[in-house]
Amino acid sequence: MRNPLSIIQITLDNLRLLYGENKEHQNYFKKIERSIARMTHQIDDVLDFVKERPMELTTTKTSKIISESLDSIITPCTN
């Protein structure tokens, strides 16, 4: 997905060189650039989500887990 976006960005840069002075074209270029940035951000989010990470094991008291679980259930009800 990044390669097609890179090609679109390079083409946009070339179009700016050719038509950069025209205000109407500048508005289109800005819209395209924002769309490219949004798509890049979404791709990064997906890649971060699916990236494997090493498991981090820690020792925790069972009473602490139960207490935090009860707090998370009780707290929303009191608001």
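Values in this text are rule-based calculations from the coordinates and carry no lab data. Remember, it's a predicted structure, so these values are computed and weren't measured experimentally. Methodologically, a virtual Cβ is constructed for each residue, glycine included, from the backbone with ideal geometry; neighbour enumeration extends over all protein chains shown.
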In which sequence would LEU18, LEU5, LEU57 go, from the one with the fewest C-beta neighbours within 10 Å to the one with the most? LEU57, LEU18, LEU5
Taking every Cα atom in the range 2-79, find the radius of gyration and the maximum pairwise distance Dmax, and write them in Å. 24.1, 68
Would you compute, from DSSP H runs of 4+ residues alone, the mean residue ellipticity of the chain at 222 nm, taking -39500 (n - 2.57) per run and dividing by the full residue count, rounded to the nearest 500? -27500 deg cm²/dmol
Just tell me which aspartates and glutamates come within less than 18 Å, Cα to Cα, of LYS30; anything on the same chain fewer than 8 places away is out. ASP13, GLU21
Using Cα positions and a limit of under 22 Å, work out the lysines in reach of LYS23, with same-chain residues fewer than 8 apart set aside. LYS31
Assuming R0 = 25 Å, what is the FRET efficiency of ASP13 and ARG38, from their Cβ-Cβ distance, to the nearest 0.05? 0.90
